[in-house]
Amino acid sequence: MSQASRSAELFERYAGNPVLTAGDWPYTVNAVFNPGVTRLNAETLLVVRVEDRTGLSHLCIARSGDGLEGWTIDADHRLLPEVDSETERYGIEDPRVTLCGDEYMVVYTGYSSHGPLVRLASTCDFKTFERRGTLMPPEDKDAALFPHTFDGRFALIHRPVAVAPRQMAHIWLSWSPDLHFWGDHTVLIPAREGGWWDANKVGLGPPPLETERGWLLLYHGVRVTAAGALYRLGLALLDLEHPERVLARSSEWVFGPQASYELAGDVPAVVFPCGWTLGDDGDTIRIYYGASDTSICVATASLAALLDWLERHSS
């Protein structure tokens, strides 16, 4: 195969991966992974999923000046699960952070006795959080809000799971006037069938990123093999004014588990981003992802290159 015909490697792994592990925490934990990400006061701020040795997860804040090294763990300001409640009895996990006006909306998964559901908390400083309730009942997860409303309505991307006749998991879009009542539910990105890399089960990665060409999505597809499940990432583009319109969807995956820290861990062969940042140059994207449900890693890409690649590799 000629070099010209090979698919480009769009993401470059940070040489210092993993950037955070359980050993970096000031208290005893089993694993740290799947962080939500934002920028605050010139720092990169992670809302980290922290799994205790109990097996339950909570959320903890980590900060870094350059987003790569010198992380400070803020153990005094955590979002702990309300284990006495039905909605968070078995922990909370996988946050996605969206800045809406002057509030940061943290959409996360609560684990109830009936399965995972979509929960919302808000904060202005990541020191105190206000729980805003349950957005979607079980079984639902992988959810994030858009950063602004459309004709006065909030839009939520999420991933319910059908139990019959087949257990398919598609990415859905729902609408709300008030973050409380939700409707106009529709499938946004259906899982493909057969031998595709994203057959049967897909889910959102980071919150949608606004670009000149549309809302860029990074989503995961799960391929079940004889050796287990592979979690890999692909791209999609939504219309800026009408995000229910899918303009492009990648025919190939663009990032998958290859490094040793992505292939070995509590859940091997998983790369799972819940957040990304766009640099001051307007082009440099960093994804912050969980590797094998064990540690946190970083990879970098060019926004322009992602959009150009998606234009050529859309199905």
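The values are calculated or read from the model by the stated rules, or taken from the named source; none is laboratory data. Since the structure is predicted, the reported quantities are computational estimates derived from the model, not experimental observations. Cβ: placed from backbone, ideal geometry, glycine included. Neighbour counts: every protein chain shown.
Quick rundown of the values:
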{"quantity": "Residue count, region 182-214 (criterion: more than 19 Å from the chain's Cα centre (by Cα), under 17 Å from Leu247 (Cβ atoms) and either among the hydrophobic types (A, V, I, L, M, F, W, C) or not in a strand (DSSP E or B) (or both))", "calculated": "2"}
{"quantity": "Some residue of region 122-138 being buried (at least 21 other Cβ atoms within 10 Å of the Cβ), at pLDDT 95 or above and in contact with a Pro (Cβ under 8 Å, 6 or more places away or on another chain)", "calculated": "yes"}
{"quantity": "Hits in region 52-70 (condition: assigned to a strand (DSSP E or B) and within 19 Å of the chain's Cα centre (by Cα))", "calculated": "Ser57, His58, Leu59, Cys60, Ile61, Ala62, Arg63"}
{"quantity": "Subset tally (residues that are of a type outside the set (Val, Ile, Thr) and touching a residue at least 40 places away in the same chain (Cβ under 8 Å)) for region 259-291", "calculated": "17"}
{"quantity": "Any hit, region 71-79, residues being assigned to a loop (DSSP other than H, G, I, E, B) and over 19 Å from Ala299 (Cβ atoms)", "calculated": "no"}
{"quantity": "Members of region 34-84 found to be among the β-branched types (Val, Ile, Thr), over 17 Å from Pro18 (Cα atoms) and free of Cβ contacts under 8 Å to residues at least 12 places away in the same chain, listed by number", "calculated": "Thr54"}
{"quantity": "Condition met for Ser174 (more than 30 Å from Trp25 (Cβ to Cβ) and among the hydroxyl-bearing types (Ser, Thr, Tyr))", "calculated": "yes"}
{"quantity": "Output for region 278-288, where each listed residue is of a type outside the set (Lys, Arg) and either crowded, with 19+ Cβ neighbours inside 10 Å or assigned to a loop (DSSP other than H, G, I, E, B) (or both)", "calculated": "Gly279, Asp280, Asp281, Gly282, Asp283, Ile285, Ile287, Tyr288"}
{"quantity": "Selected residue (criterion: farthest from His158 (Cα to Cα)) from residues of region 96-113 that are of a type outside the set (D, E, K, R) and surrounded by fewer than 20 Cβ atoms within 10 Å (Cβ to Cβ)", "calculated": "Gly101"}
{"quantity": "Criterion: within 17 Å of the chain's Cα centre (by Cα) and at pLDDT 95 or above - qualifying residue of Val47, Val29", "calculated": "Val47"}
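Conditions tested, residue by residue: (1) part of a loop (DSSP other than H, G, I, E, B); (2) of a type in the set (Gly, Ala, Ser).
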site: Leu216; (1), (2): no, no
site: Arg223; (1), (2): no, no
site: Glu241; (1), (2): yes, no
site: Arg249; (1), (2): no, no
site: Gly265; (1), (2): yes, yes
site: Gly290; (1), (2): no, yes
